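Chemist: Next up is a structure, given as structure tokens.
Quick note: the coordinates plus some simple rules give every number you see, no bench work behind them. As the structure is a computational prediction, the values presented were derived from the model and not from experiment. All Cβ positions, glycine included, derive from the backbone under ideal geometry; neighbour counts span all protein chains shown.
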Amino acid sequence: MRVTAGEAGAVVSARDLSVHYLSRNASSYHLALDGLTFDVAAGEVLGVVGESGSGKSTLARAVAGLTGLGQLDDGIPEIRGGSLRVLGTDIRGISRRQRDRLTGRVGYLAQNGAVTLNPRLTVGENVAEPIFERDRRFRQKEATAIVASLVDSVHLPLSVLPKQPHELSSGQRQRVALARALVLEPSLLVADEPTRGVDATVKSGVLGVLRELQLQRGFSALVVSSDLAVVSAMTERVAVLSGGVLIGIGPLESLLEHPTHPYLEALAAVREGYRDERDGD
Ligand SMILES: Nc1ncnc2c1ncn2[C@@H]1O[C@H](COP(=O)(O)OP(=O)(O)OP(=O)(O)O)[C@@H](O)[C@H]1O
């Protein structure tokens, strides 16, 4: 049975969640997310939109379990209030061991995921790396088969496997980063700006592959972007952030039909714009 948002068993469950960063001089905090409450059900894709600095990447990192481990580290988001449960793990107060276990079940495609590929490794080694980081004795032959099948799933030819990342186009590199994020067969994918740095002409190809894999494999996903078109290519259910606050969540149509916030009004205007373009007005 499909679990609906709000029911027990949600894959991600945030209640009054606040997240802050310690300032560089360690004398003050910066509140990046303030009082967020939402759920992501099993198999569901939640889009997150918001202007620059609204807290989207902070939310992506928190849901991927990449928060501080109790000690306050410069540049690492820390849960200050409320709760966040991801795949049954309480992210507040998470231990290193729990985090290692969780990151094996949550695929994280970082902003500029393509740039985070290791330039010294081949494409094949980059995709396989998370497998060997978890189990150094994993059988090479089996890993090669997993990597080849995934590279094929993201519509890349197997001839890219021995290449270095810099020999690929931006769209191909992003698909390699996506294959790497999915190699451990995560139950949840967190994709932060999945098409950032990708040529406009191949953006829809990358999104198409992401949507196709999500439908085939049925993982839940949090897809973050400042571009409404990216998010709406993936899902109808969208959370909108402004200044670290959740100003709306639900089907995009309803949120934009009667906008209750100036940023929602701006989004509605953007969407009208690309509808007119599509209809040739
Ligand atoms: N490492 C950090 N240390 C301190 N403050 C940070 C850090 N990263 C982000 N912030 C602050 O937290 C707030 C939210 O930033 P975040 O990167 O989550 O926003 P965003 O919506 O992803 O922006 P963008 O679309 O530009 O990537 C901003 O005010 C930002 O300045």
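Chemist: Sequence-distant or interchain residues sharing an amide H contact under 5 Å with Leu17, placed H: which?
Modeler: Answer set, sorted by chain and number: Gly35, Leu36, Thr37, Ser83.
Chemist: Take the Cβ-Cβ distance between Arg271 and Asn112 as r, set R0 to 22 Å, and report the resulting FRET efficiency rounded to the nearest 0.05.
Modeler: Taking R0 as 22 Å, the efficiency between Arg271 and Asn112 is 0.25.
Chemist: Using only the Cα atoms, what convex hull volume per residue in Å³ does the chain have?
Modeler: 149 Å³
Chemist: Counting only residues 5 or more places away or on other chains, whose amide H sits under 5 Å from the amide H of Val190 once H atoms are built in the peptide plane?
Modeler: Long-range HN contacts for Val190: Gly107, Tyr108, Leu109, Leu222.
Chemist: Then there is this: So what's the net charge close to Leu109: Lys and Arg +1, Asp and Glu -1, counting the other residues with Cβ under 11 Å from its Cβ?
Modeler: With Lys, Arg at +1 and Asp, Glu at -1, the net is +1.
Chemist: Same structure again: What number, rounded to the nearest 500 deg cm²/dmol, is the helix-based mean residue ellipticity at 222 nm of the chain, given -39500 (n - 2.57) per DSSP H run of at least four residues and division by all its residues?
Modeler: Helix contribution divided over all residues of the chain: -11500 deg cm²/dmol.
Chemist: So, one more: Would you mind getting me the FRET efficiency between Asp90 and Asp279? Use the beta-carbon distance for r and R0 = 45 Å, nearest 0.05.
Modeler: For Asp90 and Asp279, the calculated efficiency is 0.40.
Chemist: Straight distance only, please: which lysines reach the Cα of Lys56 with their own Cα at less than 27 Å, same-chain residues fewer than 8 apart left out?
Modeler: Once the sequence-local lysines are set aside, what remains near Lys56 is Lys203.
Chemist: What length, rounded to one decimal in nm, is gained on full extension from Arg15 through to Arg80, with 0.36 nm per residue of separation minus their alpha-carbon distance?
Modeler: My answer for the length gained is 22.2 nm.
Chemist: What nm distance separates the two modelled labels at Ser159 and Gln98, each placed 7 Å from Cα along Cα→Cβ?
Modeler: 4.9 nm
Chemist: Right, something else. What length, rounded to one decimal in nm, is gained on full extension from Arg134 through to Leu215, with 0.36 nm per residue of separation minus their alpha-carbon distance?
Modeler: 26.5 nm
Chemist: Of Thr144, Thr195, His258, whose Cα points farthest to the positive end of the dipole of the chain (charges on the beta-carbon: +1 Lys, Arg; -1 Asp, Glu; origin at the Cα centre)?
Modeler: Thr144
Chemist: At q = 0.14, 0.21 Å⁻¹, what base-10 log of I(q)/I(0) does the Debye formula yield for segment 62-168 when every alpha carbon is treated as an equal point scatterer in vacuo?
Modeler: Result of the Debye calculation: -0.71, -1.13.
Chemist: Cross-link candidates for Lys163: which aspartates and glutamates have Cα within less than 17 Å, leaving aside residues fewer than 8 places away along the same chain?
Modeler: Glu125, Glu129, Asp152
Chemist: Could you give the radius of gyration (one decimal) and Dmax (whole number) of the Cα atoms in segment 22-108, in Å?
Modeler: When restricted to Cα atoms, segment 22-108 yields Rg and Dmax of 13.3, 42 Å.
Chemist: Okay, moving on. Based on the Cβ-Cβ distance of Glu185 and His258, what FRET efficiency does E = 1/(1 + (r/R0)^6) give at R0 = 25 Å, to the nearest 0.05?
Modeler: So, using R0 = 25 Å, E works out to roughly 0.05.
Chemist: Just going by the charge dipole of the chain, with Lys and Arg at +1 and Asp and Glu at -1 on Cβ, which of Ala268, Leu178, Phe132 is farthest out on the positive end?
Modeler: Phe132
Chemist: Measure out, as a whole number of angstrom, how far apart the alpha-carbon centroids of segment 128-184 and segment 217-281 sit.
Modeler: Value for the Cα centre distance between the two parts: 32 Å.
Chemist: Given the peptides 51-59, 262-270, arrange them by the average over their residues of other C-beta atoms within 10 Å, most packed first.
Modeler: So the peptides 51-59, 262-270, ranked by packing, come out 51-59, 262-270.
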